[in-house]
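Some notes on the structure that comes next.
The values are calculated or read from the model by the stated rules, or taken from the named source; none is laboratory data. Note that the structure is a prediction, hence the values are computed from the model and not measured. Here Cβ is always computed from backbone atoms with ideal geometry, including for glycine, and neighbour counts include all displayed protein chains. For accessibility, only protein heavy atoms count, side chains too; no ligands or nucleic acids. Shrake-Rupley method; radii C 1.70, N 1.55, O 1.52, S 1.80 Å.
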Amino acid sequence: MAALVAVPALSGCRGLSHPEEFPTSGSSASPVEATSNPQTITCEEFGDLWPFEFDRCEVSAEPDASGDPVLRLTTEDGTVYALNDLSGNDGLPKAEDLVRPGASIGPIRSFALGLVDLE
(Lines give C-alpha, C1' and ligand atoms only; values in the text may rest on other atoms or scores of the structure.)
Protein backbone atom coordinates (compact mmCIF):
# COMPACT_ATOMS: atom_id res chain seq x y z
CA MET A 1 0.00 0.00 0.00
CA ALA A 2 1.42 3.40 -0.93
CA ALA A 3 1.51 6.21 1.55
CA LEU A 4 0.64 9.73 0.49
CA VAL A 5 2.82 12.51 1.74
CA ALA A 6 1.50 16.04 1.79
CA VAL A 7 4.03 18.72 0.88
CA PRO A 8 3.12 22.28 1.79
CA ALA A 9 3.15 24.77 -1.06
CA LEU A 10 5.54 27.65 -0.67
CA SER A 11 4.81 31.05 -2.13
CA GLY A 12 6.43 34.41 -2.34
CA CYS A 13 9.98 35.21 -3.32
CA ARG A 14 11.45 32.10 -1.75
CA GLY A 15 8.90 29.64 -3.15
CA LEU A 16 10.34 26.41 -4.47
CA SER A 17 9.38 24.65 -7.63
CA HIS A 18 10.92 22.08 -9.93
CA PRO A 19 13.38 23.75 -12.37
CA GLU A 20 11.57 22.36 -15.43
CA GLU A 21 8.50 24.37 -14.40
CA PHE A 22 10.32 27.67 -14.95
CA PRO A 23 9.69 29.13 -18.40
CA THR A 24 12.87 30.09 -20.23
CA SER A 25 11.37 31.67 -23.32
CA GLY A 26 8.17 33.17 -24.61
CA SER A 27 5.89 35.76 -23.08
CA SER A 28 5.37 33.81 -19.85
CA ALA A 29 9.11 33.70 -19.13
CA SER A 30 9.15 37.02 -17.29
CA PRO A 31 6.39 38.79 -15.40
CA VAL A 32 8.34 42.05 -15.71
CA GLU A 33 8.39 44.35 -18.72
CA ALA A 34 11.80 45.41 -20.00
CA THR A 35 11.79 49.22 -20.03
CA SER A 36 15.44 50.28 -19.69
CA ASN A 37 18.91 48.89 -20.18
CA PRO A 38 20.27 48.34 -17.57
CA GLN A 39 17.21 47.70 -15.42
CA THR A 40 16.81 46.97 -11.72
CA ILE A 41 14.64 43.93 -11.00
CA THR A 42 13.31 42.68 -7.68
CA CYS A 43 12.12 39.58 -5.89
CA GLU A 44 8.71 41.21 -5.52
CA GLU A 45 8.35 41.62 -9.30
CA PHE A 46 9.36 38.04 -10.15
CA GLY A 47 7.67 36.28 -7.23
CA ASP A 48 8.18 32.49 -7.31
CA LEU A 49 10.40 32.83 -10.40
CA TRP A 50 13.05 34.73 -8.37
CA PRO A 51 16.04 32.38 -8.00
CA PHE A 52 18.25 34.34 -5.59
CA GLU A 53 18.59 34.80 -1.81
CA PHE A 54 19.00 38.58 -2.25
CA ASP A 55 16.01 40.78 -3.13
CA ARG A 56 17.19 43.00 -6.00
CA CYS A 57 19.83 43.35 -8.70
CA GLU A 58 20.47 45.12 -11.96
CA VAL A 59 20.61 43.30 -15.30
CA SER A 60 21.99 44.54 -18.58
CA ALA A 61 22.56 43.40 -22.14
CA GLU A 62 24.85 44.66 -24.86
CA PRO A 63 25.76 43.20 -28.21
CA ASP A 64 29.31 41.97 -28.70
CA ALA A 65 31.30 42.50 -31.92
CA SER A 66 29.35 39.74 -33.68
CA GLY A 67 25.98 41.01 -32.45
CA ASP A 68 25.43 38.31 -29.80
CA PRO A 69 23.94 39.56 -26.52
CA VAL A 70 26.34 39.77 -23.56
CA LEU A 71 24.10 39.47 -20.50
CA ARG A 72 25.20 40.64 -17.04
CA LEU A 73 23.84 40.86 -13.52
CA THR A 74 25.10 43.37 -10.94
CA THR A 75 24.40 42.89 -7.24
CA GLU A 76 23.81 45.75 -4.81
CA ASP A 77 27.44 45.63 -3.67
CA GLY A 78 28.53 46.34 -7.27
CA THR A 79 29.79 42.85 -8.13
CA VAL A 80 29.18 42.01 -11.81
CA TYR A 81 28.28 38.44 -12.83
CA ALA A 82 27.97 36.77 -16.24
CA LEU A 83 24.44 35.69 -17.17
CA ASN A 84 25.73 33.88 -20.27
CA ASP A 85 28.97 32.34 -21.54
CA LEU A 86 30.00 34.77 -24.26
CA SER A 87 33.58 36.02 -24.55
CA GLY A 88 32.45 39.49 -23.41
CA ASN A 89 31.89 37.95 -19.99
CA ASP A 90 35.30 36.26 -19.76
CA GLY A 91 36.76 36.53 -16.28
CA LEU A 92 33.44 37.36 -14.60
CA PRO A 93 31.96 35.04 -11.96
CA LYS A 94 28.89 33.12 -13.14
CA ALA A 95 25.44 34.28 -11.98
CA GLU A 96 24.44 30.59 -11.67
CA ASP A 97 26.59 30.50 -8.53
CA LEU A 98 24.08 32.86 -6.87
CA VAL A 99 20.99 30.70 -7.55
CA ARG A 100 19.22 28.94 -4.66
CA PRO A 101 19.31 25.12 -4.81
CA GLY A 102 16.46 23.86 -6.95
CA ALA A 103 15.83 27.26 -8.62
CA SER A 104 16.43 28.24 -12.24
CA ILE A 105 18.14 31.31 -13.61
CA GLY A 106 16.16 30.92 -16.87
CA PRO A 107 13.57 33.65 -16.17
CA ILE A 108 16.33 36.17 -15.36
CA ARG A 109 18.19 35.32 -18.58
CA SER A 110 14.96 35.60 -20.56
CA PHE A 111 14.31 39.01 -19.06
CA ALA A 112 17.87 40.15 -19.81
CA LEU A 113 17.48 39.09 -23.45
CA GLY A 114 14.50 41.45 -23.64
CA LEU A 115 16.84 44.34 -22.83
CA VAL A 116 18.96 43.84 -25.97
CA ASP A 117 16.88 46.09 -28.22
CA LEU A 118 16.42 48.87 -25.64
CA GLU A 119 18.60 51.95 -25.83
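Quick one: with all protein chains in place, what share of the accessible area of the stretch 53-105 is carbon or sulfur, to the nearest percent (1.4 Å probe)? Carbon and sulfur: 47 percent of the exposed surface of the stretch 53-105. Whole-Hz Karplus values for the stretch 95-112 come out as 5, 4, 5, 8, 7, 4, x, x, 9, 10, 8, x, x, 6, 4, 4, 4, 4 Hz, taken residue by residue from phi with 6.51 cos²θ - 1.76 cosθ + 1.60 and θ = phi - 60°; glycine and proline positions read x.
The local environment of G88, defined by Cβ-Cβ distances under 12 Å, has a net charge of -4 under the rule Lys, Arg +1 and Asp, Glu -1.
Residues of the stretch 93-119 with backbone nitrogen within less than 13 Å of a virtual label 7 Å along the Cα-to-Cβ line of S87, please, listed as ranges. Once the point is set 7 Å along Cα→Cβ of S87, nothing inside the stretch 93-119 turns out to lie under 13 Å by backbone N.
Net charge in the neighbourhood of T40 (other residues with Cβ under 12 Å of its Cβ; Lys, Arg +1, Asp, Glu -1) is -4. For D77 and E33, the FRET efficiency from 1/(1 + (r/R0)^6), where r spans their Cβ atoms and R0 equals 30 Å, is about 0.70.
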